[in-house]
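Notes follow the structure.
The values are calculated or read from the model by the stated rules, or taken from the named source; none is laboratory data. This structure is a prediction, so every number in the text was calculated from the model and none was measured. Cβ placement follows ideal geometry from the backbone for every residue including glycine, while neighbour counts extend to all protein chains displayed.
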């Protein structure tokens with residue numbers, strides 16, 4: 001899947017000179033948590049989100065610093081806080097620069113961008129113009145619509161090979177001494193691991209292989225004490 005497949009096309013937007021309360025009303029009425037801020041050509045200038053509106057002088061939620069913190073804070077930082085909490089223009093409170101994707105950005109990359117930058121949505125741009133937006137909800141919706149793995153029968157030889165390939169591909173698995181056997185779709189795993197997480201991961205590794213009917217995990221967890 002790519003951004004074009006999952007993005008929301010009907011995007012509510014707002015202008016940089018619009019009033020911040022107008023932005024808040026649009027978010028509340030539309031049930032969205034953020035709005036792209038665009039110019040007359042619909043080029044994205046920034047994003048105004050619920051987080052940008054949490055600290056407002058009107059609601060008496062603006063930050064109040066102790067005198068010693070104000071003394072230690074750069075004047076330009078204090079001035080920027082003053083603008084963000086008191087200005088009535090969207091331009092002054094929006095967040096920028098904007099992290100964006102294209103219509104061809106793959107779903108795994110979109111998820112990585114959201115995680116890396118700790119953001120909940122990314123505008124989809126084409127030639128600098130917004131054509132859609134992908135939110136975490138869109139990613140979850142895509143996951144919900146994915147086809148389930150085939151339940152078709154897979155022979156024991158294929159299951160054994162798949163498990164072995166997965167075992168070799170995971171760096172955490174090298175610390176687990178594992179032996180396993182496959183019989184009529186049933187996987188039996190034995191060995192020693194240093195944590196419950198490693199043991200559980202072995203179960204997940206086996207039970208997600210197509211054709212596996214049952215997993216018996218007999219791995220023993222032996223917590224290794226640090227050498228002093």
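Looking only at residues of region 150-181 that are surrounded by 11 or more Cβ atoms within 10 Å (Cβ to Cβ) and within 14 Å of residue 218 (Cα to Cα), we find that the one that is modelled with the lowest pLDDT is 176. Has region 25-43 got any residue that is in the same structural domain as residue 102 (by TED's automatic domain parsing), part of a helix (DSSP H, G or I) and surrounded by 13 or more Cβ atoms within 10 Å (Cβ to Cβ)? Yes, there is a match, as at least one residue in region 25-43 is in the same structural domain as residue 102 (by TED's automatic domain parsing), part of a helix (DSSP H, G or I) and surrounded by 13 or more Cβ atoms within 10 Å (Cβ to Cβ). Residues in region 213-228 that are modelled with pLDDT of 90 or more and out of contact with any helix residue (DSSP H, G or I) (no Cβ under 6 Å at 6 or more places or on another chain): 213, 214, 216, 218, 220. With respect to the conditions (1) modelled with pLDDT of 95 or more; (2) loosely packed, with under 13 Cβ neighbours inside 10 Å; (3) assigned to a helix (DSSP H, G or I), residue 143 falls short on a single one, namely (1). Applying the criterion of being closer than 17 Å to residue 49 by Cα and surrounded by 15 or more Cβ atoms within 10 Å (Cβ to Cβ) to the residues of region 108-119, the residue that is modelled with the lowest pLDDT is 119. Residue 206 passes every criterion in (1) in contact with a helix residue (DSSP H, G or I) (Cβ under 7 Å, 6 or more places away or on another chain); (2) closer than 26 Å to residue 109 by Cα apart from (2). With respect to residue 89, determine if the residue is assigned by TED's automatic domain parsing to the domain that holds residue 10, over 24 Å from residue 135 (Cβ atoms) and in contact with a strand residue (DSSP E or B) (Cβ under 8 Å, 6 or more places away or on another chain). Yes; evaluated as a whole, the condition is true for this residue. Residues in region 168-195 that are in contact with a strand residue (DSSP E or B) (Cβ under 6 Å, 6 or more places away or on another chain) and not in a strand (DSSP E or B): 176 only. If the condition is being in a helix (DSSP H, G or I) and either touching a helix residue (DSSP H, G or I) at 6+ places or on another chain (Cβ under 9 Å) or at pLDDT 75 or above (or both), then region 46-67 contributes 50, 51, 52, 53. A single entry from 116, 126, 170 fulfils the requirement of being outside the structural domain of residue 53 (by TED's automatic domain parsing) and within 28 Å of the chain's Cα centre (by Cα): 170.
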